[in-house]
Amino acid sequence: MFNENMKTIADVRKWLVHRGTVIYTRDRMIDLDMMDQEFTEFYQQGMIDKLLYLQAKRIISGEKQIEQQKRGTKE
């Protein structure tokens, strides 16, 4: 296993695409949920280490908060 230093949601998306997982549903929140689920599955299957998993989860969680704030101001 290896570590990559992911810092942005673009890094998370690139990491997934590089491994054959393309997520695009036209709904950012659904995309983020699916990315979150993919990383959980990679981790549970032992395909990634804990550091990479936690980096991705932190980034995705932050993006979810931003998206929730955006949606809250629209309604």
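Observations
- Helix axis angle, 28-44 relative to the chain longest principal axis, alpha carbon, degrees: 20 degrees
- Computed [θ] at 222 nm, helices only, for the chain once each DSSP H run of length n ≥ 4 contributes -39500 (n - 2.57): -23500 deg cm²/dmol
- Placing Val12, Val22, Val17 in order of accessible area, with the largest value first and a 1.4 Å probe, yields Val22, Val17, Val12.
- Order of exposure, largest accessible area first, which applies to Ile30, Ile48 with probe 1.4 Å: Ile30, Ile48
- In this simple spin-label model, placing a label point 7 Å from the Cα along the Cα-to-Cβ direction at both Tyr53 and Asp27 gives a separation of 2.7 nm.
- Under 23 Å from the Cα of Lys70 - lysines, other chains or at least 8 residues apart: Lys7, Lys57
- Once Rg/Rh (Cα atoms, Kirkwood Rh) is calculated for the structure shown, the corresponding label among (1) 0.99; (2) 1.09; (3) 1.31 turns out to be (1).
- Near Asn5, once Lys and Arg are set to +1 and Asp and Glu to -1 for all other residues with Cβ below 14 Å from its Cβ, the sum equals 0.
- In the complete set of protein chains, residue-level accessible area for Met34 is approximately 80 Å², probe 1.4 angstrom.
- Label-point gap, in nm, between Ala10 and Gln68 - each point 7 angstrom along Cα→Cβ: 2.6 nm
- C-alpha long axis of helix 9-18 to longest principal axis of the chain, angle in °: 50 degrees
The values are calculated or read from the model by the stated rules, or taken from the named source; none is laboratory data. Because the structure is predicted, anything quoted here is derived from the model rather than measured. Please note: Cβ atoms are built from the backbone with ideal geometry, for glycine as well, and neighbour counts cover all protein chains shown. The protein model used for the area step is the full one, side chains on, heavy atoms only, and it has no ligands, DNA or RNA in it. Shrake-Rupley method; radii C 1.70, N 1.55, O 1.52, S 1.80 Å.
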